[in-house]
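This report refers to the structure that appears directly beneath it.
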C-alpha cells in the first residue's frame, strides 16, 4: 500500500516547516526518511534564496538565489522570476529523489519540497518527483509540498502510482503524523 500527502499553501505558509516536523517525527518513530526540503536562505535579514536539504544525510546545497547575486553557466533563469536556479543543485536534488525512490518501501517516507512553476514546466526537480510517484507503486508514503494553484498538477503526476492522495494545509504536523502512522500500520498488517 502507498499514499501521498500534498501539503499546499502560499509562500511563507509553513509547508517546509510542516514537512521538517513530520520528518523528525517519522525518524523518531523508526521510519526511514529521505528526499529533499527547500529551506530559506537569509542574508542580513533578507531572503536571498533557497537551499536543498538532503533528508537522508542532512547535507545542504544551493538551489535558488536572487538573480542579482549569481552569475555564470551554473545558473539559469526561468520565465520572469527574480530567482536563478542552480544547474548542479537541481541535478543533485534529482539524484537524491531518484535514490529515495529506489529505497521507497512500506516503512519509509520520501519528501519532495517544493514542486513549483519550474516543475510544472517539466524542469527543476520534475524528473525526481516523477520517479518518486512511480515508486509509490511498491508501497510507502510520499509528501509533496506545493502552492495551492499546483495541487492538481501534483495529483496528475501522482496518478496511477498510489492508492490514496490526501491534501493537507501546513501547520498540524501531529495530525499528519497520526495519518502516516495509521496508514503505515495498515500497510504492515497486509
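What the table below lists for this structure:
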{"item": "Condition broken by residue 121, with the remaining ones in (1) crowded, with 16+ Cβ neighbours inside 10 Å; (2) under 22 Å from residue 89 (Cβ atoms) satisfied", "result": "(1)"}
{"item": "Residue within segment 93-101 that is within 23 Å of residue 9 (Cα to Cα), in contact with a helix residue (DSSP H, G or I) (Cβ under 8 Å, 6 or more places away or on another chain) and not in a helix (DSSP H, G or I) present", "result": "no"}
{"item": "Only one of 99, 108 that is within 20 Å of residue 179 (Cβ to Cβ) and touching a residue at least 40 places away in the same chain (Cβ under 8 Å)", "result": "108"}
{"item": "Selection count, segment 133-154, where residues are surrounded by fewer than 16 Cβ atoms within 10 Å (Cβ to Cβ) and touching a strand residue (DSSP E or B) at 6+ places or on another chain (Cβ under 6 Å)", "result": "1"}
{"item": "Test set (1) over 21 Å from residue 4 (Cα atoms); (2) part of a strand (DSSP E or B) - residue 113 fails condition number", "result": "(1)"}
{"item": "Which numbered condition residue 83 misses (of (1) within 30 Å of residue 28 (Cβ to Cβ); (2) touching a helix residue (DSSP H, G or I) at 6+ places or on another chain (Cβ under 8 Å); (3) modelled with pLDDT of 95 or more)", "result": "(1)"}
{"item": "Whichever residue in segment 1-17 is under 21 Å from residue 136 (Cα atoms) and at pLDDT below 95 and, among such residues, is surrounded by the fewest Cβ atoms within 10 Å (Cβ to Cβ)", "result": "1"}
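Listed here are the residues, each with its yes/no results for (1) within 29 Å of residue 101 (Cβ to Cβ); (2) touching a helix residue (DSSP H, G or I) at 6+ places or on another chain (Cβ under 8 Å).
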site	(1), (2)
43	no, no
48	no, yes
52	yes, yes
56	yes, yes
68	no, no
75	yes, yes
79	yes, yes
87	yes, no
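The values are calculated or read from the model by the stated rules, or taken from the named source; none is laboratory data. Keep in mind it's a predicted model, so treat the numbers as computed, not measured. No Cβ is skipped: glycine too gets one built from the backbone with ideal geometry, and neighbour counts run over all protein chains shown.
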